[in-house]
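Chemist: Take this structure first; my questions come after.
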Amino acid sequence: MCGIIGYTGKDEAAGIMLDALELLEYRGYDSAGIALLSEGEIQILKTAGRVGDLRRLCSGEKPEGRCGIGHTRWATHGGVCGANAHPHRFGRVTLIHNGIIENYKELKEKYGLDGLLQSETDSEVVAAVLEHFYSGDPYSAIRRTVLKLKGTFALAVLFDDQPDCIFAVRNVSPIVAAVTDNGAFLASDVAAIAPYTADYFVVPEFHVVCLGPGNAELFDLSGDRAVIDWLSVDWDVSRSGKEGYPFYMEKEIMEQPEVIGETIFPRIKEGKPDFSEEGIPDEILSACQRICVIACGTAMHAGLVGKSLIQAIIGIHVDVVMASEFMYNDPVVDKDTLVIAISQSGETIDTLEALKFARKCGSPCISIVNVKGASIARASEYVIYTNAGPEIAVASTKAYTTQLAVLYLLTARMAMARKLWSEQELAGYMCELQRVPAVLKQVLETKEEIHRLAGSILNASDVFMIGRGLDYSILLEGSLKLKEVSYIHSEAYASGELKHGTIALITEDTPVIAVVTQEKLKSKELSNIREVQSRGARVVLLIKEGETLDGGEQWSCVYRLPKMDDFFMVMPASIVLQLIAYFVSLDKGLDVDKPRNLAKVVTVE
Ligand code: M6R
């Protein structure tokens, strides 16, 4: 959460930072600010609101300087206002911060800061502590300050008397850095610097990076020089734009056939799932006695689909645990438990902490991550990257379906490793998996039909989504999507459970979205739908093509999903649910890509 940018080089920094902050804005958009260091003078411009507001402020003020730091904020400590916007300045120190300083109160007391601070933030306290320790040696001040901090932080710092230099240090919260012929950059993630260079490095935790106009130096906290581990952005930077779509969310939904193909096809060798590139040995897939999936939000919903697949096909027990709850429920994981961490950003702190715990318990760990080199990928024994490319919209879409694609492959490899399938069974499953991109294309071609369906819930204040088994799992995701982008209250409910209480909320004004894709559950699901129809609910039904429906006029809103094997029906059904949420948000005139109160990357617990 919060986006950080720093630039020092030959060019004017303000424009570069504003462009980068726009690319980072999905990380938080409560306020934005920049600071420029020029000839020992600091100029700070900041405002509550979006980067667009900051840009307007800058076009009036015309800030100058070739070295600067910038920030876009997701508020944690202190409300959304100009004073709490970053950068913060104390004495000779100007700083931006992503993360949470848990012991800020103690620090405030210890260093006698009461009455001296301009904001309510924990970040300004860090600036004050840095100033306290600063006597001309930035490394020493940073080292001494960092040793006092409890919590998570990515800090970028300017010292008035260190011309053209930006210093940065981090614990958990991410920072990457890069050097080009025109200057050096640091940022919260590569999306912001990818327009300038493909080469970057991840600043290791508790290391200090110093950027000069054409160089980057890395030191550990004891002051010893450290070796930089260079990486390369291996996604197509041209995918970072909206390509004519009004919102990233629509563009990312439309990209799914392509990115799912890019996620599965390189991992199919001679018709079989293959993770040799990832170095995943079959033994860890065949030896585990149970599986524990840890993830949050949409990634956790992908895990629920994985659970249904693995339990049905492999026959071992799978727990899917919300990573934010994992540590507080006395987790039982051991060397016989395969832990799968799923995360688009690879930076979600709840998932990262749960993963670290599982590793300490001796569990073999595989992570499924989209962002290359992210913390979760680095903390994991094995990584499978989803090749979704940059996902910019806060609401996750293509990351989810590529996570599902990996889980389909992993399940198949596990079945192979355990010798559960005949050659024919494996071939049939793999053939169906390879049809997914084409089937999704078919669904996306009907997007205007789905737009009309979305119209039937546009003015609702509550929506229920009902289904059983795999259908219920994807409705949990469909419901989250609708809530986050349309602000309509929505609940996904296991349709058989409804009659145990919640059906009391169903009235004529409550639209119900029902998904029926599983042959073995169809008759029970249809009975549950009739129960809500009898209470006057208008039902939007997603069902496989070719299925007959009794009851004529009751089915005014039906979407026919292209037929696939039941295990794979979640793919086309998910795309329809994503588009319904998208069109409701669009037609309500909301900011689809940046829903209120949210941030794309959640690096606070
Ligand atoms: O980056 P991650 O996949 O770890 O993020 C997990 C959740 O924060 C994320 O899926 C969130 O629920 C999305 N906003 C959903 O669209």
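Chemist: Scan SER473, SER490, SER486 and give me the residue that is in contact with a His (Cβ under 7 Å, 6 or more places away or on another chain) and among the hydroxyl-bearing types (Ser, Thr, Tyr).
Modeler: None of the others qualify; the one that does is SER473.
Chemist: Identify the single condition in (1) among the polar types (S, T, N, Q); (2) surrounded by fewer than 16 Cβ atoms within 10 Å (Cβ to Cβ); (3) more than 16 Å from the ligand (Cβ to nearest atom) that GLN533 does not satisfy, given that it satisfies every other one.
Modeler: Just one mismatch for GLN533, condition (2).
Chemist: Kindly evaluate ILE228 against the criterion of being in a loop (DSSP other than H, G, I, E, B) and open to solvent by 20 Å² or more (accessible area, probe 1.4 Å).
Modeler: Numbers: in a loop (DSSP other than H, G, I, E, B): yes; open to solvent by 20 Å² or more (accessible area, probe 1.4 Å): yes.
When the stated conditions are applied, ILE228 passes them.
Chemist: Report yes if LYS272 is under 14 Å from TYR408 (Cα atoms) and either within 16 Å of the ligand (Cβ to nearest atom) or surrounded by fewer than 17 Cβ atoms within 10 Å (Cβ to Cβ) (or both), otherwise no.
Modeler: yes
Chemist: Considering (1) at negative phi; (2) part of a loop (DSSP other than H, G, I, E, B); (3) open to solvent by 10 Å² or more (accessible area, probe 1.4 Å), say which one SER173 fails and leave the rest.
Modeler: Going through the list (1) at negative phi; (2) part of a loop (DSSP other than H, G, I, E, B); (3) open to solvent by 10 Å² or more (accessible area, probe 1.4 Å), SER173 breaks only (3).
Chemist: Taking LYS419 and the conditions (1) assigned to a helix (DSSP H, G or I); (2) modelled with pLDDT of 95 or more; (3) basic (Lys, Arg), which numbered condition does it fall short on, given that it satisfies the others?
Modeler: Condition not satisfied by LYS419: (1).
Chemist: Can I ask one more? Please state which of the following conditions PRO246 fails to meet, knowing it meets all the rest: (1) part of a loop (DSSP other than H, G, I, E, B); (2) farther than 27 Å from ALA599 by Cα.
Modeler: (2)
Chemist: Quick check: is even one residue across region 508-523 in contact (Cβ under 8 Å) with a residue 40 or more places away in the chain, within 16 Å of the ligand (Cβ to nearest atom) and farther than 13 Å from MET465 by Cα?
Modeler: no
Chemist: With ALA494, ALA460, ALA504 as the choices, which residue is free of Cβ contacts under 8 Å to residues at least 12 places away in the same chain and either under 29 Å from GLN311 (Cα atoms) or among the small types (Gly, Ala, Ser) (or both)?
Modeler: Of ALA494, ALA460, ALA504, the one residue that is free of Cβ contacts under 8 Å to residues at least 12 places away in the same chain and either under 29 Å from GLN311 (Cα atoms) or among the small types (Gly, Ala, Ser) (or both) is ALA504.
Chemist: Condition first: more than 20 Å from SER527 (Cβ to Cβ), surrounded by fewer than 23 Cβ atoms within 10 Å (Cβ to Cβ) and touching a residue at least 60 places away in the same chain (Cβ under 8 Å). Now tell me which residues in region 468-483 satisfy that.
Modeler: Selection gives LEU476, LEU480.
Chemist: Of all the residues that make up region 124-138, how many are part of a helix (DSSP H, G or I), open to solvent by 10 Å² or more (accessible area, probe 1.4 Å) and either acidic (Asp, Glu) or in contact with a Gly (Cβ under 8 Å, 6 or more places away or on another chain) (or both)?
Modeler: Residues meeting the conditions: 1.
Chemist: Also, quick follow-up: Which count do you get for residues in region 472-490 that are within 14 Å of the ligand (Cβ to nearest atom) and either in a helix (DSSP H, G or I) or among the charged types (D, E, K, R) (or both)?
Modeler: Matching residues across region 472-490 total 12.
Chemist: Filter region 284-304 for residues that are more than 14 Å from the ligand (Cβ to nearest atom), crowded, with 22+ Cβ neighbours inside 10 Å and part of a helix (DSSP H, G or I) and give the result.
Modeler: LEU285
Chemist: Step by step: first the residues of region 25-57, then only those that are more than 33 Å from the chain's Cα centre (by Cα) and in a loop (DSSP other than H, G, I, E, B), then the one that is surrounded by the fewest Cβ atoms within 10 Å (Cβ to Cβ). Which residue is that?
Modeler: GLU39
Chemist: Further, regarding this structure: Scan the strands (runs of 3 or more DSSP E) fully inside region 318-408 and keep the ones with 3 or more residues being in contact with a strand residue (DSSP E or B) (Cβ under 6 Å, 6 or more places away or on another chain) and within 9 Å of the ligand (Cβ to nearest atom).
Modeler: Counting at least 3 such residues, we get 337-343.
Chemist: Something else about it: State the number of residues belonging to region 316-360 that are free of Cβ contacts under 8 Å to residues at least 60 places away in the same chain and open to solvent by 50 Å² or more (accessible area, probe 1.4 Å).
Modeler: Matching residues across region 316-360 total 14.
Chemist: Starting from region 388-403, take each residue that is on the phi > 0 side of the Ramachandran plot and in contact (Cβ under 8 Å) with a residue 24 or more places away in the chain and list its partners that are assigned to a loop (DSSP other than H, G, I, E, B) and more than 9 Å from the ligand (Cβ to nearest atom), counting only C-beta distances under 9 angstrom and pairs at least six apart or across chains.
Modeler: Within 9 Å, the pairs are GLY389/TRP235; GLY389/ASP236; GLY389/GLU255.
Chemist: Would you point out which residue out of GLY60, GLY78, GLY65, GLY112 is free of Cβ contacts under 8 Å to residues at least 60 places away in the same chain, of a type outside the set (Val, Ile, Thr), in a loop (DSSP other than H, G, I, E, B) and open to solvent by 40 Å² or more (accessible area, probe 1.4 Å)?
Modeler: GLY112
Chemist: Still on this structure: Would you confirm whether or not region 187-196 contains a residue that is more than 17 Å from ARG66 (Cα to Cα) and part of a strand (DSSP E or B)?
Modeler: Taking every residue of region 187-196 in turn, none turns out to be more than 17 Å from ARG66 (Cα to Cα) and part of a strand (DSSP E or B).
Chemist: Additional query: Which residues, counting only those in region 81-102, are open to solvent by less than 30 Å² (accessible area, probe 1.4 Å) and not in a helix (DSSP H, G or I)?
Modeler: Correct list: ALA85, HIS86, PRO87, HIS88, VAL93, THR94, LEU95, ILE96, HIS97, ASN98, GLY99, ILE101.
Chemist: A follow-up question, please. How many residues are surrounded by fewer than 17 Cβ atoms within 10 Å (Cβ to Cβ) and under 20 Å from LEU458 (Cα atoms) if we restrict to region 509-530?
Modeler: 1
Chemist: Looking only at residues in region 545-567 that are in contact with a Leu (Cβ under 7 Å, 6 or more places away or on another chain) and surrounded by 13 or more Cβ atoms within 10 Å (Cβ to Cβ), which one is farthest from LYS251 (Cα to Cα)?
Modeler: Of everything passing the filter in region 545-567, TRP555 is farthest from LYS251 (Cα to Cα).
Chemist: Would you point out which residue out of ASP587, ASP566, ASP550 is more than 17 Å from SER456 (Cα to Cα) and either at pLDDT 90 or above or within 16 Å of the ligand (Cβ to nearest atom) (or both)?
Modeler: From the options ASP587, ASP566, ASP550, the qualifying one is ASP566.
The values are calculated or read from the model by the stated rules, or taken from the named source; none is laboratory data. The shown structure was predicted, so the numbers you read here are calculated from the model rather than taken from an experiment. Counting neighbours? That spans all protein chains shown, and the Cβs are built from the backbone with ideal geometry, glycine included. These area figures cover heavy atoms from the full protein model, side chains too; ligands, DNA and RNA do not enter into them. Shrake-Rupley method; radii C 1.70, N 1.55, O 1.52, S 1.80 Å.
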